[in-house]
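Chemist: Structure in structure tokens, see below.
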Amino acid sequence: MKKRIAIFASGSGSNAQKIMEHFKRSTEAEVVLVLTNNAQAYVLQRADNFEIPSHIFTRQEFYETDDIIRMLKTLQVDLIVLAGFLWLVPQTLLAAFPNKIINLHPALLPKYGGKGMYGDNVHKAVLANGEEESGITIHFANAQFDEGEIIHQSKFKIEPGDNLEMVKFKVQQLEHQHFPKVIENLLKKMKS
Ligand code: GAR
């Protein structure tokens, strides 16, 4: 049986798109559900385009009920992928899917992680500190922002004159290139 992936995203979902594209052709795994806390998120349109079901949830549903855990268990989800998802994962969900929730972060953790460190905030901080490189980190999620065990990192050089848009572009290129493959490799290693 194919491994089953659920994606959580809060916004545009360009990474979700790359993951859905990648696994559409796969015989090993498939995306079975896209979940979001944001009813306006473009990721919902992207999921629709792939005919993948989606679920919009509220803060109350996420933090105060077991509905989402039940939904993921019913769908027999093997791996939960946080792709631009901005809420902290509740302990109940972590406990229900131990070592099965991974997150994408747009910098080289442990630097530039933690609360408030998402999207442009990350790139602005990297540039303000005059860093010579940045990159991406894929890691297991835990009860803190951006702190679980690191699975993969890729880097690029920040050239003099690189601005916010450039750094953002380079990060996004690496994310789109690596995230689906890292997920595929991780699924291969996971026992069924
Ligand atoms: C990505 O760059 C991801 O690394 C970042 O949000 C972006 C989502 O883009 N995640 C975080 O900052 C989490 N702390 P997308 O919606 O186009 O995939």
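The values are calculated or read from the model by the stated rules, or taken from the named source; none is laboratory data. In this text, all values refer to a predicted model and were calculated from it rather than measured experimentally. When the accessible area is computed, the model is the full protein with side chains, heavy atoms only, and any ligands, DNA or RNA have been set aside. Shrake-Rupley method; radii C 1.70, N 1.55, O 1.52, S 1.80 Å.
Chemist: Taking every DSSP beta bridge with both residues inside the chain, roughly what % is antiparallel (nearest 5)?
Modeler: Antiparallel: roughly 40 percent of the beta bridges in the chain.
Chemist: When the C-alpha atoms of region 137-192 are aligned to their principal axes, what extent does each axis show, in angstrom, from largest down?
Modeler: Between the extreme Cα coordinates on each principal axis of region 137-192 lie 47, 25, 14 Å.
Chemist: How much accessible surface area, in Å² rounded to 10, belongs to the heavy atoms of H152 with a 1.4 Å probe?
Modeler: Taking all protein chains as shown, H152 has close to 40 Å².
Chemist: Ok, one more. Step through the table entries K3/K155; K111/K189; K111/K168; K24/K188; K3/K24; K100/K181, compare each Cα-Cα distance with 23 Å, and write down the pairs that go over it.
Modeler: Those over the limit are K3/K155; K111/K189.
Chemist: While we're looking at this one, here's another question. Over all directions, how big on average is the projection of the convex hull of the alpha-carbon atoms in the chain, in square nanometres?
Modeler: 10.3 nm²
Chemist: Given the options Q173, Q144, Q60, state which has the largest fluctuation in a GNM of the chain using a 10 Å cut-off (strictly under) for Cα springs.
Modeler: In this elastic network of the chain, the residue with the biggest mean-square fluctuation among Q173, Q144, Q60 is Q60.
Chemist: Please calculate the 1.4 Å probe accessible area of M166, with all protein chains present, and give it to the nearest 10 Å².
Modeler: 80 Å²
Chemist: Still on this structure, I have one more. Can you send over the solvent-accessible area of L82, 1.4 Å probe, protein chains only, in Å² to the nearest 10?
Modeler: 10 Å²
Chemist: Before anything else, pin down the relative contact order of the chain: Cα pairs under 8 Å, at least 6 apart, normalised by residue count, whole percent.
Modeler: Value for the chain: 19 percent.
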